[in-house]
Amino acid sequence: MFTPYVLIPVLAAIISASLLVYTRRYAALAVTRYFTVIAVIGLALSLLGVVDICLTDVGEKYLLLQLKFLFTPFLCVSVFCMLATHSGRLSWLSLPLIALLSVIPVISVLLALTAQWHDLFFFDPALRGTGPFTLSYQGGLLYDLYIYYSNALLLVSVILLIDSVRRGDRLYRIQGLIILLAFIPPFTVDILDSMSTHLSMNVDLSPLSIVLSGIIMFWGLFRYRILDVKPVAREEVIDNMSDALVVVGTDDRLIDYNSITAKLLVGREGKAIGSPLSEVLPFGKQLEDMISRGETKGDITTNGEMVTSYEASIVPVSVQGQDLARIIMLRDITDRKLMEEELRTANARLSILSSITRHDLGNKLTAIEGYTILARETKDRAQLEEYLARLRQVCASANQLIVFAREYEKLGIAAPGWFSIRDLFAHAVAQNSVRDLKIDSNVDGISVYADAMIEKVLYNLVDNSLRHGNGVTTLSLNRLMDGNRLIIEYTDDGVGVPQENKELIFKRGFGSNTGLGLFLTREILAITGIEIAETGVKGARFEIKVPQGRYRIDN
């Protein structure tokens, strides 16, 4: 049976659905999650209200009342969670607490769905009015408990909201008042319903209260930006900081900390508060020493599975000249420290190279000048050809020095980074055109922290095998562990390196080619503290030794 009253719940459904769509842009906010639940409950109750107005059978209305109780009991919990979050008490809303708050609503749902078999919740349904009809019923003992619980939880929610209004700035106070105003219509209907298990009106006022609340909320969302400009709680700022924050008393005992610090604590987190810094943080003793020396800023280092460096800033908290506590900010500067160290190493090596290159080029120019004079003075044709041939050799050697210097000067220019050994090896094999050689690799998931020129390391090793291996058929790359140090093992099945040359091959200028490839290989690795040595017995075997903290293994 159609009645104009059906337009009210229809409008309530449209408003609830519109709120759901509008607030999707703020889905990442904690307060929006609870607001969304409230809007979903409002939408469900509005749609059921549309059906309810059109029904005239007491049995059908009774069934619809039971269906409404799938949603209604959770409204008070959602309102409490939303207002607690909005008022800056997000830390209250742990999963156990929300579960505890939901116990009575869940029991109420079960009692409502089985109400036809007992008198504990509601009973004796009857139609009231002449159209549209409303359903009246008697409430049982547990129904009264549900009503009292809901009103108590809503009252606490209102108190939290009023407290946030009292403490907030002007915009936040206005936002709080709008939210409070939006909840007055449903609160009023709920209070009237708690005074009697059946209303004396012929029309259910719940859809109308949803309409009024929705209009007020839309006004607040558009005019005062309730969701995108809101009070930010301590947990949303401090606990989501990228830096660790520690608060200590004047006796250097831990008072408070954020979630980043919790990952650094030694032992059980629950016993940290009240303990000395030296007992709960791996670098706590260093912090205590900084405080005792009166330092406000400094660098500290912790040695564990990985070496980590922090920049510590200590700020005293004083009231009327009396120190009450200290706030310690810890910023992870491990990567910065590594880059500074590599930059110093690279600059030192470049300085040495510059000196050596100038000396070598000076010798080459002297030789060029000497052979030029000899060639100009000789009248023997054969002797002239010999001098010219030597001039070409010296010029070619000088050009190799220039090319090498151009490559070497790239060391340390780009910041070191993490490189996949598997990808580097595959690239080196592809660049050297190994054709029919067998390739074995067991380095999946391994990355090393190295200079950007590390791609030349494996390229030079493969090139060395192809040039000097004499009949190489297999190239292998494997990983080994030596305590906390990673060993990357490169091998071939060629003739190998004679024992007396195993260290000489890394010297600048040694070898039958340019004598620069393996020297450059060692220099590139040394920038980040990685060592290389030739230890082969049958065939070539190079061990690349990566220290702790300079490698990652992703299983």
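The values are calculated or read from the model by the stated rules, or taken from the named source; none is laboratory data. Predicted, not measured: the structure shown is a model, and the values here were computed from it. Here the Cβ positions follow ideal geometry from the backbone for every residue, glycine too, while neighbour counts run over all protein chains shown.
Scanning the range 437-493 for residues that are over 17 Å from Lys545 (Cα atoms) and free of Cβ contacts under 8 Å to residues at least 12 places away in the same chain yields a total of 0. Checking each residue in the range 108-155 for being in contact with a Lys or Arg (Cβ under 6 Å, 6 or more places away or on another chain) and over 12 Å from Gln66 (Cβ atoms) picks out Thr134, Ser136. Annotation: of all residues in the range 422-477 being surrounded by 14 or more Cβ atoms within 10 Å (Cβ to Cβ) and either outside the structural domain of Thr535 (by TED's automatic domain parsing) or among the basic types (Lys, Arg) (or both), the one that is farthest from Ile527 (Cα to Cα) is Arg467. State all residues of the range 234-275 that are modelled with pLDDT under 75 and assigned to a helix (DSSP H, G or I); if no residue qualifies, say none. If the condition is that a residue be modelled with pLDDT under 75 and assigned to a helix (DSSP H, G or I), then Arg234, Glu235, Glu236, Val237, Glu269, Gly270, Lys271 are the ones that fit. On inspection, Asn464 passes the criterion of being outside any loop (DSSP other than H, G, I, E, B) and modelled with pLDDT under 85. When Ala44 is tested against the conditions (1) more than 25 Å from Ile107 (Cβ to Cβ); (2) surrounded by fewer than 20 Cβ atoms within 10 Å (Cβ to Cβ); (3) of a type in the set (Gly, Ala, Ser), the lone failure is (1). If you go through the range 94-142 and pick out every residue that is surrounded by fewer than 18 Cβ atoms within 10 Å (Cβ to Cβ), in a loop (DSSP other than H, G, I, E, B) and touching a residue at least 60 places away in the same chain (Cβ under 8 Å), you end up with 3.
Does Ile368 qualify as being in a helix (DSSP H, G or I), of a type in the set (Val, Ile, Thr) and at pLDDT 80 or above?
When the stated conditions are applied, Ile368 passes them.
Considering each residue of the range 104-127 in turn, none proves to be under 30 Å from the mean Cα position of the chain (by Cα) and under 22 Å from Leu154 (Cα atoms). Comparison of Ser46, Ser78 shows that the only residue that is assigned to a helix (DSSP H, G or I), within 37 Å of the chain's Cα centre (by Cα) and modelled with pLDDT of 85 or more is Ser78. Looking only at the range 536-544, decide whether some residue is hydrophobic (A, V, I, L, M, F, W, C), touching a helix residue (DSSP H, G or I) at 6+ places or on another chain (Cβ under 9 Å), at pLDDT 80 or above and over 20 Å from Val429 (Cβ atoms). Within the range 536-544 (the criterion being hydrophobic (A, V, I, L, M, F, W, C), touching a helix residue (DSSP H, G or I) at 6+ places or on another chain (Cβ under 9 Å), at pLDDT 80 or above and over 20 Å from Val429 (Cβ atoms)), the answer is no, since none of the residues qualifies.
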